[in-house]
Amino acid sequence: MEAILEVKNLTKVFYKNKVPFTAVDQISFCIKKGECVAIVGESGSGKTTTAKILTQLIRPDAGNVFLDGTEYIHAKGKLRKEFYTKIQMVFQMPQDSFDPRHSLGDGIMESIRNYGMTKKEAQKRMIELLQMVELAPEYAKRYPHQVSGGQCQRAAIARALAISPKLIVCDEATSALDVTVQAQIVTLLKKLKQEMGLSLLFISHDLGVVQNLCDRVLVMYQGKIVEEGTPNCIIQNPKENYTKKLIESVFL
Ligand SMILES: Nc1ncnc2c1ncn2[C@@H]1O[C@H](COP(=O)(O)OP(=O)(O)OP(=O)(O)O)[C@@H](O)[C@H]1O
Ligand SMILES: [Mg+2]
């Protein structure tokens, strides 16, 4: 299978009281078309920093990222903007990713209309997207505070899908939801992956969810990828001490 995303030697250094601190340390990995790759690792291991670099929210200090063969992380101007649409992010707190003053429908349409659809076309597409995430059309009129966390996360996924991105990055997208709602969102992501061939980078603390959804797992520790394999392989036969501890902490 062809790689949709290729990350090479990505590095990000932050300064804490003028002392450099390497949050992401020369990591390399790839995601194939239609594949769901998880990043797991303890708090502070560099998962969100990696996601922010891939979605162009921050710039790396070194390394390259290729989407469909094109390096975009150091791109400027028009090319840089073009890649904003190609990778979408779904965050932990769905309510935070919508403007509280706009209905969910308007929130979804806004991202479509920025890319040149008429109002009528955008409306039609928005209703289709709600259907895809199994929300009835009436949810278009609701405001973020008028829906549950799970419903809001469905709307956030609809918005992420709106402009047919090549890759969706989910950062703890199910962590703030209760267990049954979490399972419903995972089922939805699985369905979208199967039906649309969606490629996903799924950042999570939850190895159970990762085992259920993901094809491959990367384990991050202190900014580095220390282990990589299928979820079952990693869980049943962890090689690194750190991974063993992580699994013990989750399953015991
Ligand atoms: N803007 C910033 N300035 C300085 N340090 C930062 C900044 N953003 C992140 N860091 C530091 O980089 C390290 C990695 O942070 P990151 O948010 O990537 O961790 P994470 O793996 O996502 O953790 P969590 O599981 O808690 O979400 C942390 O030590 C964090 O304090
Ligand atoms: Mg994080």
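Some points to look at:
- Amide hydrogen proximity for Ile73: with H placed 1.01 Å from N in the peptide plane, the residues at 5 or more positions away or on another chain lying under 5 Å are Val65.
- About its Cα centre, the dipole of segment 105-214 is roughly 440 debye, where the only charges are +1 on Lys and Arg Cβ and -1 on Asp and Glu Cβ.
- Between the Cα long axis of helix 179-196 and the first principal axis of the chain there is an angle of about 80°, rounded to the nearest 10.
- Ratio of Rg to Rh over segment 115-174 (Cα coordinates, Kirkwood Rh, two decimals): 0.97
- Separation of segment 1-53 from segment 107-135 is 31 Å, based on Cα centroids.
- Candidates Ile73, Met93, Ala23 compared by Cα position along the dipole of segment 17-125: farthest toward the positive end lies Ile73, with charges placed on Cβ.
- For the chain, calculated [θ]222 nm from helices alone, where every DSSP H run of n ≥ 4 adds -39500 (n - 2.57): -11500 deg cm²/dmol
- Local electrostatic count, Ser164, Cβ distance below 11 Å [Lys/Arg +1, Asp/Glu -1]: +3
- Between Cys36 and Leu200, Asp215, Arg216, the built amide H atoms are under 5 Å apart, and every one of these is 5 or more places off in sequence or on another chain.
- Carbon + sulfur, % of accessible area of segment 22-134 - ligands and nucleic acids excluded, 1.4 Å: 49
- For the chain, size of Cβ-based charge dipole, Lys and Arg +1, Asp and Glu -1, in debye: 740
- To the nearest ten degrees, helix 104-113 and the longest principal axis of the Cα atoms of the chain are 80 degrees apart.
- Greater than 31 Å apart at Cα, pairs in Lys81/Lys191; Lys18/Lys239; Lys76/Lys191; Lys76/Lys239; Lys8/Lys124; Lys16/Lys190: Lys18/Lys239; Lys76/Lys191; Lys76/Lys239; Lys8/Lys124; Lys16/Lys190
- Estimated Rh, the chain: Kirkwood, alpha-carbon pairs, angstrom: 18.8
The values are calculated or read from the model by the stated rules, or taken from the named source; none is laboratory data. The shown structure was predicted, so the numbers you read here are calculated from the model rather than taken from an experiment. Cβ sites come from the backbone with ideal geometry, for glycine too, and all protein chains shown count toward neighbours. The area values use the complete protein model at the heavy-atom level, side chains included, leaving out ligands, DNA and RNA. Shrake-Rupley method; radii C 1.70, N 1.55, O 1.52, S 1.80 Å.
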